[in-house]
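The block underneath contains the structure these notes are about, expressed in structure tokens.
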Amino acid sequence: MTWWDALAAAGAVPAAFAPPASRGWTDLDDGALPGAELIEEPDLAAHPVTSPALVRAACFLDGIQQWKVVSYDGVAPVIRAYVATAARRRGPNRRPRTLLESSREFAIAPLASMKPAVRRVLETTCPDVVDLPLDRDGGLQPGKVLELARRVVDGARQNLEREIAERSLAVLGPEEWLLVDGLLSVSGKLAAHPRALGVIKSHGAQFFDGANLERALTVPAGHRTSVFRARGGHARNEVYSWYLRLWPWEGQDLLYGLLRIEARADAATVAAASAISGWLCAERAPLATPDARWDRLLYPLQDVETYLKARAPRDLLSAPGSRLPRTGS
Amino acid sequence: MYGVVTDGFAYSDLPTPLHDVVGAEGDPTRAAEAPTARQEIRYWTAAVLRQTPEEPLQPVPIGQVFVASDADVAQALRMDGYLYSATPSAIPIGLYTAAGLESPVYLDADFLIGPEAAHLNISGVSGLATKTSAVEFLLASIFEHFPAHKGKVAAVCFNVKGPDLCFLDQPGALSDEDRRRYERLAVPSRPFERVRMYAPLKADGVNLNTLRTHADLVHIVEPLTWGLAEVVDYAEVLLNRDDIDAKADAFIDFLRDRVLARTFDDGFGGTHRVQTFADLDRLFRAIFDGLELTSGGRSDTWRTHHIATIRKVRNRLSNISTRCKGLVTDDGPSSDLPWGAFEDRAVYVVDVANVDPLGQDLVFARAVSKLREHLERRDLGVDAVVVFVDELNKYAPGDGPDTYVKKMLLDISERGRYLGLVLFGAEQFRSQVHRRVVGNAATQLFGRMDMDELATPGYQVLSPATKIKLATLPIGELMVRHPHFTQPIFVRFPKPPVLRGRDGVERFPPAADLPFDDAVVRQLVRLDRRIRPNQVKDLIAERDEDDVRRALAAVRRTRPDDVLAYFRKVLGGRVSTDIPRERTAVPPLNPIADEPY
Ligand SMILES: Nc1ncnc2c1ncn2[C@@H]1O[C@H](COP(=O)(O)OP(=O)(O)OP(=O)(O)O)[C@@H](O)[C@H]1O
Ligand SMILES: [Mg+2]
């Protein structure tokens with residue numbers, strides 16, 4: 001019997017609510033106001049990427065998170081969550097193989113708001129329970145509880161990613177790079193490594209305004225912007241960053257094919273930005289199909305995601321679609 | 001769990017080929033340059049051949065896959081029962097080849113030769129399907145592996161195409177690879193040791209009508225000639241081709257029972273002893289003249305037979321004697337297959353390649369009926385006979401009238417297995433052969449097939465992948481269906497150990513036809529080496545050729561000790577030929593048009 005079955009047996013109401021797809025690790029996460037300081041030149045400019053590009057030996061790191069409400073004790077939701085991270089090394093045969101991976105499956109519940117008997121069942125049957133501390137006035141507002149739960153899940157995944165990233169750095173070959181799907185600035189070790197790159201494809205935070213903003217968001221395909229120093233929120237470490245356009249955005253939208261790259265805050269980064277950008281452009285093939293975000297998703301990063309999803313518990317996320325009553329067997 | 005791969009698939013995360021074109025920025029030459037190889041898997045489906053335990057029947061679980069060893073192949077194809085038994089009955093058919101391993105595949109003689117099931121059919125396109133070759137190889141394999149407890153076995157092969165089966169006793173060129181295959185299959189790579197060939201004569205009545213007339217090889221060729229009695233016995237073959245006629249049948253019975261080889265009174269004052277076509281024709285003329293004279297043409301029946309029926313039978317019989325002049329002679333049978341004295345592991349080749357279709361039917365009907373008769377009486381000399389009929393579609397077509405030959409083939413295919421009379425048939429298009437004739441063949445071989453043929457309803461049971469494999473099958477590979485095998489199996493067999501017909505005629509070019517007197521000399525010398533040519537030539541100089549032929553036939557029939565003396569005796573004194581028979585007939589068209597032979 002699973003712990004959620006045990007909860008149901010203890011009187012909780014079984015449920016099956018999966019929140020909308022996770023938003024991923026964006027640069028808006030901690031709500032801190034970003035700031036930018038141009039490093040390469042006084043005004044933001046577009047530079048063509050180096051072509052033909054030198055493709056580097058690399059490992060690729062990504063993480064996933066899956067969660068859903070599996071029961072309600074009164075109106076207190078009990079959530080089952082799963083996070084996983086893997087780093088996959090691309091070998092000379094051009095095929096990625098898993099280097100390191102880790103996962104965690106756990107429950108999230110506002111323990112203080114639960115009936116003692118149900119809570120006891122949860123705590124005795126589920127080995128990994130995370131409490132959701134509620135503030136005084138918020139109470140058990142379903143929307144707020146879910147938002148808090150999401151942060152817990154995000155946090156768990158970020159911890160896992162940081163851990164796997166730092167362990168990967170330790171085994172990285174002397175010529176090998178580590179490409180991380182997301183922010184580099186979340187880890188001091190990552191942010192300081194000469195061959196670590198963060199690839200950000202959702203642009204919640206805007207670092208510029210005015211003419212610089214326009215130049216940043218209209219950088220043409222095969223070009224990068226000037227390198228700037230990105231300042232993130234509280235926990236962030238300092239990194240250098242630039243925008244890179246993989247595919248022509250004209251006819252699509254401003255963010256189409258647009259990546260933001262993070263790298264070590266060092267003069268060498270400025271010198272290498274065009275070459276690195278050329279390499280990332282070369283990673284456009286093969287296209288990261290059938291993912292809808294293929295314009296910004298690098299295939300080897302998608303590969304990590306596919307790998308992790310394939311290994312996730314089968315029963316956590318049922319096939320998307322109908323919430324009609326289940327029929328038959 | 002044993003299985004055989006039936007289909008293969010590849011999956012990748014590429015939704016459409018267009019995406020790779022986009023990824024390569026429209027430049028196909030750059031498609032291979034992507035830094036990461038796209039995820040792709042190969043996935044094979046297999047059909048279950050056998051599972052242990054057999055009961056209860058289980059779905060296939062997920063598990064590790066191994067390549068089959070010889071022992072596995074034997075298990076999987078249920079060959080263990082007849083391969084490792086106390087009385088093994090396994091006949092090698094070829095090598096199952098997978099992942100660098102080669103395992104012999106065996107047929108069960110009980111199901112190939114009888115009595116459990118029998119017959120074999122092979123189809124496939126001309127030249128690439130290796131039908132004739134496969135049968136040749138299989139015969140060699142049968143001769144080597146036919147189980148002792150089943151007795152003796154022989155083969156009767158009808159050569160219907162050029163020089164195809166004319167050199168079964170001559171070695172062919174084999175590659176080392178093929179020799180290795182022979183060793184693996186434990187079949188000797190030697191040509192057949194006991195081969196006899198039978199060929200009709202040409203219209204001149206003295207030269208052999210076959211492509212095996214080279215001086216070094218002609219000694220195993222016997223002339224195959226029949227007389228009136230043999231033809232009348234199988235007259236149904238001639239009649240049923242165009243019409244089924246009870247009246248004609250009755251008249252033929254009358255001829256057979258009351259007229260042939262008896263002293264017979266025609267009712268108009270004439271007495272006949274009908275032994276030859278010429279005799280018969282005299283009788284017919286007497287009848288027509290008699291009716292004309294006695295009734296002034298008013299009566300149109302003779303002994304209850306209508307004159308039209310009589311005319312029809314006369315036409316048919318004289319037709320065959322003109323169309324198949326070298327086969328059907330006025331002189332009665334002079335040589336025939338050794339009914340009752342068939343030898344173990346011998347191949348009897350009957351060359352009818354240049355015979356008129358009607359004559360082919362006749363040869364065929366008579367040979368098979370004789371085999372059947374003797375096998376029924378168990379006095380053929382062997383216990384089982386494989387009858388190989390190439391171009392089966394000509395003799396048992398799926399459409400067209402029910403000829404005697406077709407009915408006979410159907411009969412063998414339905415009842416032959418109890419008798420040890422086994423039909424090996426080959427044809428290009430199975431769909432053109434009578435369904436029950438192919439359907440009764442327990443063992444089915446398929447070489448390279450034609451796609452259009454594969455689209456016909458007979459092949460619906462095959463998966464699309466199997467069809468594609470059949471349509472692209474390399475030379476020397478066959479698909480085998482056999483009662484013990486739950487799935488079709490692909491095997492490779494070596495080139496037959498005999499000289500290919502086409503190479504044979506190159507190496508041993510047929511001798512030019514001899515002048516009449518030299519041909520007579522040759523035939524007599526064959527029977528008695530002491531005979532000197534000039535003795536014969538002096539004897540037959542200025543003699544009527546028909547008389548010479550008749551005397552020659554009598555010698556062949558009698559096989560006297562003193563050939564020349566007997567020949568002289570039968571030839572008789574030098575008498576002037578009375579009524580020289582003028583039989584001018586339109587020469588028959590060569591029945592086989594698309595072969596150079
Ligand atoms: N096992 C083999 N390996 C390689 N080649 C072979 C093998 N068997 C036969 N062949 C070659 O294939 C060719 C065709 O063979 P074969 O005459 O038996 O075909 P077929 O199907 O009988 O043709 P057709 O319909 O014209 O009678 C021959 O040249 C023969 O030498
Ligand atoms: Mg052939």
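Structure notes:
- Paramagnetic label reach from B:Val67 (point 7 Å along Cα→Cβ; backbone nitrogen cut-off under 12 Å): within region B:96-117, residues B:97-103.
- Farthest toward the positive end of the dipole of the protein assembly as shown, out of B:Gly269, A:Leu7, B:Phe364, is the Cα of A:Leu7, where the dipole comes from beta carbon charges about the Cα centre.
- Each Lys and Arg contributes +1 and each Asp and Glu -1, all at the Cβ; summed about the Cα centre of region B:50-153, the dipole is approximately 260 debye.
- Cα centroid of region A:128-200 to Cα centroid of region B:50-118, whole Å: 59
- Dipole check for region A:3-315: with +1 at the C-beta of Lys and Arg, -1 at the C-beta of Asp and Glu, and the Cα centre as origin, the magnitude is about 780 Debye.
- For A:Lys144, the aspartates and glutamates whose Cα comes closer than 19 Å to its Cα, not counting residues fewer than 8 places off in the same chain, are A:Asp29, A:Asp30, A:Asp73, A:Asp131, A:Asp135, A:Asp154.
- Under the span-like rule (Cα at least 24 Å along the axis, Kyte-Doolittle mean at least -1.0), DSSP H helices of chain B: B:277-295, B:357-377
- Unsatisfied cross-links (Cα-Cα over 25 Å) in the set B:Lys312/B:Lys370; B:Lys131/B:Lys406; B:Lys161/B:Lys325; B:Lys202/B:Lys537; B:Lys370/B:Lys394; A:Lys115/A:Lys309: B:Lys312/B:Lys370; A:Lys115/A:Lys309
- For the peptide A:285-297, the mean number of other protein chain Cβ atoms found within 10 angstrom of a residue's Cβ is 5.
- Structure-based [θ]222 nm, chain A - -39500 (n - 2.57) summed over DSSP H runs of at least 4, per residue, nearest 500: -8500 deg cm²/dmol
- Nitroxide proxy distance, nm - points 7 Å out along Cα→Cβ at B:Gln51 and A:Val171: 4.0
- Residues whose amide H lies under 5 Å from that of B:Arg500, counting only those 5 or more places away or on a different chain, are B:Ala173; hydrogens are built 1.01 Å from N in the peptide plane.
- Summing +1 for each Lys or Arg and -1 for each Asp or Glu among the other residues whose beta-carbon sits under 14 angstrom from that of A:Thr225 gives -1.
- Ordering A:Thr125, A:Thr85 from the fewest to the most neighbouring beta carbons within 10 Å gives A:Thr125, A:Thr85.
- Most tightly packed first, judged by the mean number of other beta-carbon atoms within 10 Å of their residues, the peptides A:105-114, B:163-172, A:183-192, B:5-14 read B:163-172, A:183-192, A:105-114, B:5-14.
- Highest mean packing comes first when the peptides B:304-314, B:415-425, B:528-538 are listed by Cβ atoms within 10 Å, giving B:415-425, B:304-314, B:528-538.
- Theoretical FRET efficiency, 1/(1+(r/R0)^6), r = Cβ-Cβ of B:Asp216 and B:Arg190, R0 30 Å, to 0.05: 0.95
- Region B:443-484 versus region B:505-545: alpha-carbon centroid distance in Å: 50
- CD proxy at 222 nm, helix term only [per DSSP H run n ≥ 4: -39500 (n - 2.57); per residue of chain B; nearest 500]: -10000 deg cm²/dmol
- Using R0 = 56 Å, the C-beta based FRET efficiency linking A:Ala117 and A:Ala310 works out to 0.90.
- Inter-label distance, B:Asp7 to B:Asp379: 5.9 nm, where each label sits 7 Å from its Cα along the C-beta direction.
- Residue order, fewest to most surrounding Cβ atoms within 10 angstrom, among A:Cys281, B:Cys324, A:Cys59: A:Cys281, B:Cys324, A:Cys59
- At R0 = 30 Å, FRET efficiency that the Cβ-Cβ distance of A:Met1 and A:Arg293 yields, to 0.05: 0.20
- Nearest-20 debye value, region B:229-323 charge dipole, Cβ charges on Lys, Arg, Asp, Glu: 180
- Region A:3-315: C-alpha gyration tensor shape, a/c 1.5 cut-off, then a/b vs b/c: prolate
- Arranged from fewest to most other beta-carbon atoms within 10 Å of their beta carbon, B:Phe516, A:Phe208, B:Phe493, B:Phe251 become B:Phe516, A:Phe208, B:Phe251, B:Phe493.
- Extended-chain gain in nm, criterion 0.36 nm per residue less alpha-carbon gap, B:Tyr459 and B:Ala341: 38.3 nm
- Normalised contact order of region A:219-321, rounded percent, pairs of Cα under 8 Å and 6 or more residues apart: 20
- Charged neighbours of A:Val199, selected by a Cβ distance under 11 Å, balance to -1 (K, R count +1; D, E count -1).
- Counting, for every residue in B:9-19, the Cβ atoms of other protein chains within 10 Å of its Cβ and taking the mean gives 3.
Read-outs: derived from the displayed coordinates by stated rules, not from any lab. Owing to the predicted nature of the structure, the values given are computational and were not obtained by experimental measurement. Neighbour counts are summed over all protein chains in view; Cβ atoms, including those assigned to glycine, are modelled from backbone coordinates with ideal geometry.
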